[in-house]
Every structure is written in C-alpha cells, then in structure tokens.
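The values are calculated or read from the model by the stated rules, or taken from the named source; none is laboratory data. Small disclaimer: the values here were computed from a predicted structure and weren't measured. Cβ placement follows ideal geometry from the backbone for every residue including glycine, while neighbour counts extend to all protein chains displayed.
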Amino acid sequence: TASLQAEACKLRHLGIFRMTSRSTLADGNKRRSEAVFEAVYRDLYAKHRHLLSSDSRLCTRKNEPKWMKRLKIIDSTTITLFSNLLFKGVGRHPKTGKKKGGIKVHSIIQANEGVPSDIRFTSAATNDSFMLLPATLNRGDIIAMDRAYIDYAKFQQMTERGVVYVTKMKKNLQYTIEEDVM
C-alpha cells in the first residue's frame with residue numbers, strides 16, 4: 001500500500017478517494033479464489049511477454065537464435081515448511097525421523113524470457129511429471145527438464161506430436177541405439 005499511497009492523488013479518476021489499510025486488502029485477498037490471481041498473471045504475461053528477455057545483452061529479439069524461441073525449461077523447487085502446518089510430509093529426516101512438509105513450486109519458463117509462463121504450487125510430495133502436459137505442446141517445441149519429469153507414456157505422446165525433449169537419463173534406463181548420428 002505504501003506505493004499506492006505515494007500516488008493516491010492519481011487514483012481519483014478510478015473512484016478511489018482514500019487508501020484502504022493493508023489488513024483490509026489482505027482480508028479481501030484471503031477470500032478470493034486463486035483463479036483470480038491466476039487470471040491476472042496470465043493476462044499480464046500475455047500482454048507484456050514481448051517485452052521480456054532473460055538476457056539484457058540481447059538488445060533485440062533479432063539476435064536470438066531461432067531455436068531459443070521454441071525452448072521451454074520445466075523445473076521445480078521445494079520450499080520446506082513444517083508438516084503439521086501444510087500438506088502431508090515428505091520422506092523422513094535421517095536424524096529425528098520426522099516428516100518434512102512443504103510446498104513445491106513448479107514452473108515453465110520460455111528460455112528467451114525472464115519470467116515463468118506457467119506456475120503451479122503443490123505439496124512437496126507431488127511428483128514433478130504432472131507438470132509435463134504433451135497436449136499443450138506444439139510441433140517443434142523443445143523441452144528441457146531433469147530426471148524428475150521422466151514419464152515414458154508422456155514422452156511417447158510428445159514424440160508423436162513432434163516435440164523435441166532433452167532430459168537426464170535414469171541410471172537404470174534400458175535403451176538401444178537405433179542410429180549413431182555422429
């Protein structure tokens with residue numbers, strides 16, 4: 001609210017004549033569905049994505065390699081919290097034997113942009129592969145991901161859709177080399 005208070009005189013044309021308190025805003029946001037915030041983020045992202053760049057050295061989009069526009073990076077990170085506060089626990093702590101709870105933040109980032117195009121929050125126990133949605137990918141897209149996203153049925157769907165994907169192999173992966181391109 002501090003930034004709004006600094007510009008309060010510019011809000012009169014919106015019918016806002018005095019600033020509400022932070023607690024009032026927080027109470028209102030607490031009752032709102034997460035779909036409201038998702039819609040706002042998606043609208044802002046769609047409107048301003050042409051201005052985004054992950055590398056300030058790229059003065060214009062003309063300097064980018066063509067494949068960079070097709071590269072999507074999928075990853076997640078876990079924010080550890082106490083299991084009695086949030087979701088179900090994950091694994092066991094080696095010393096205390098207590099469960100670790102937390103939130104997992106899943107994101108998809110276009111390699112040539114500086115912000116995620118999609119963000120999902122789940123319990124820390126959720127497997128990452130749910131974020132890999134072949135139906136949302138287009139022919140020619142390039143997907144980079146780690147081992148946590150390995151799902152062979154989804155890989156087959158992506159192959160059929162003409163999506164290129166790069167991931168680390170699991171140690172126990174069985175495979176055959178069909179053609180050596182080197």
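Quick look at the numbers
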| quantity | calculated |
| --- | --- |
| Hits in the range 124-140 (condition: assigned to a helix (DSSP H, G or I) and more than 22 Å from Q157 (Cα to Cα)) | none |
| Pairs, first loosely packed, with under 15 Cβ neighbours inside 10 Å in the range 148-176, second of a type in the set (G, A, S), C-beta under 7 Å, six or more apart | G162/G140; V166/A144 |
| Near pairs, Cβ below 8 angstrom, 6+ apart or cross-chain, from the range 28-49 (assigned by TED's automatic domain parsing to the domain that holds P116) to any residue that is surrounded by 10 or more Cβ atoms within 10 Å (Cβ to Cβ) and of a type outside the set (A, V, I, L, M) | Y45/S117; R49/Q110; R49/E113; R49/S117 |
| Residues located in the range 141-155, provided they are outside any loop (DSSP other than H, G, I, E, B) and within 17 Å of the chain's Cα centre (by Cα) | I142, I143, A144, R147, A148, Y149 |
| Residue in the range 104-123 that is nearest to P65 (Cα to Cα), counting only those that are in a strand (DSSP E or B) and among the polar types (S, T, N, Q) | Q110 |
| Residue match in the range 30-49 (condition: closer than 30 Å to A111 by Cβ, of a type outside the set (D, E) and modelled with pLDDT under 80) | yes |
| Complete set of residues in the range 13-25 that are assigned to a helix (DSSP H, G or I) and surrounded by 10 or more Cβ atoms within 10 Å (Cβ to Cβ) | R22, T24, L25 |
